[in-house]
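The values are calculated or read from the model by the stated rules, or taken from the named source; none is laboratory data. Everything numeric in this text was worked out from a predicted model, so none of it was measured. FYI the Cβ positions are ideal-geometry reconstructions off the backbone, even for glycines, and counts take in every protein chain you see. SASA here: full protein model, heavy atoms, side chains in, ligands and nucleic acids out. Shrake-Rupley method; radii C 1.70, N 1.55, O 1.52, S 1.80 Å.
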Amino acid sequence: MTAPETETDEAARHRAKMEKRKALQDAEIASKTVEKGLLLVHTGTGKGKSTAAFGLALRLLGHGGRVGVVQFIKSRPTGEKTALEVFGDRVVWHTAGEGFTWETQDKARDMAACRAAWETAKALMDDPAFGLVILDELNIALRYDYLPVEEVVATLAARRGDLHVAVTGRNAKPALVEAADLVTDMTMVKHHFKAGVKTQAGIEY
């Protein structure tokens, strides 16, 4: 008859298991030797795409870097912008949109705003002072063909080698997904809007 496992036996078994796991993890990490600026795409129907990008901004700021933000489409002031103002000129923020397409109801005006935002984005990406540039809702501008996807992808691919760029918005174009280093598709499982809860400061903006 096998003796029941004691707490000491269980602890030893767990320790041995974790030692093996740590060795595997350390070997996996050691095998990664490439260091480069990343193109990150946050897309999908779920909430949190821009939120994740601004989390990256905080992380990079915590390491002493500078962040540039260009908001396509959006025009409403956000809590993130106000919060990041405490970093002074380490964060440069451009809200370049004029509202969602159903608000402006003017395609030519929307396209002009997106073109101006893209020119601003290119200037930020060319500035070596910035370690991260966030192109918030750029995917929406590309979805509606307000900017040529070929031009955008080519410019992002040709950016300087140490620059991280985060692109947000639903319906990321296949060409952008293909060019990206990391793509996260946020899937909506449940949303409070469907229960009649209105847009709230601190949650939606």
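Within the stretch 1-23, not a single residue is in contact (Cβ under 8 Å) with a residue 40 or more places away in the chain and either farther than 26 Å from Ala179 by Cα or surrounded by 13 or more Cβ atoms within 10 Å (Cβ to Cβ) (or both).
Reported count of residues in the stretch 150-205, each being within 19 Å of Phe54 (Cβ to Cβ), β-branched (Val, Ile, Thr) and in contact (Cβ under 8 Å) with a residue 60 or more places away in the chain, is 5. Only a single criterion out of (1) under 26 Å from the mean Cα position of the chain (by Cα); (2) of a type in the set (Ser, Thr, Tyr); (3) more than 30 Å from Tyr144 (Cβ to Cβ) is not satisfied by Thr8, namely (1).
The lone criterion from (1) in contact with a strand residue (DSSP E or B) (Cβ under 8 Å, 6 or more places away or on another chain); (2) assigned to a loop (DSSP other than H, G, I, E, B) left unmet by Val92 is number (2).
Take the conditions within 18 Å of the chain's Cα centre (by Cα) and not polar (S, T, N, Q) and apply them to Ala129. Does it pass? In short, no. Residues of the stretch 159-170 include at least one that is in a loop (DSSP other than H, G, I, E, B), more than 23 Å from Gly65 (Cα to Cα), charged (D, E, K, R) and touching a helix residue (DSSP H, G or I) at 6+ places or on another chain (Cβ under 7 Å).
Of all residues in the stretch 127-143, none satisfies being at pLDDT 95 or above, open to solvent by less than 50 Å² (accessible area, probe 1.4 Å), of a type in the set (S, T, N, Q) and touching a His at 6+ places or on another chain (Cβ under 6 Å). Tyr205 satisfies every condition listed in (1) closer than 26 Å to Val92 by Cβ; (2) at pLDDT below 95; (3) over 17 Å from the mean Cα position of the chain (by Cα) except (3).
In the stretch 173-194, the residue that is modelled with the lowest pLDDT out of those that are part of a loop (DSSP other than H, G, I, E, B) and open to solvent by less than 60 Å² (accessible area, probe 1.4 Å) is His191.
Okay, residues lined up against (1) part of a helix (DSSP H, G or I); (2) open to solvent by 10 Å² or more (accessible area, probe 1.4 Å); (3) within 18 Å of Tyr205 (Cα to Cα); (4) out of contact with any Leu (no Cβ under 6 Å at 6 or more places or on another chain):
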| site | (1), (2), (3), (4) |
| --- | --- |
| Lys47 | no, yes, yes, yes |
| Gly64 | no, yes, no, yes |
| Val70 | no, no, yes, no |
| Thr120 | yes, yes, no, yes |
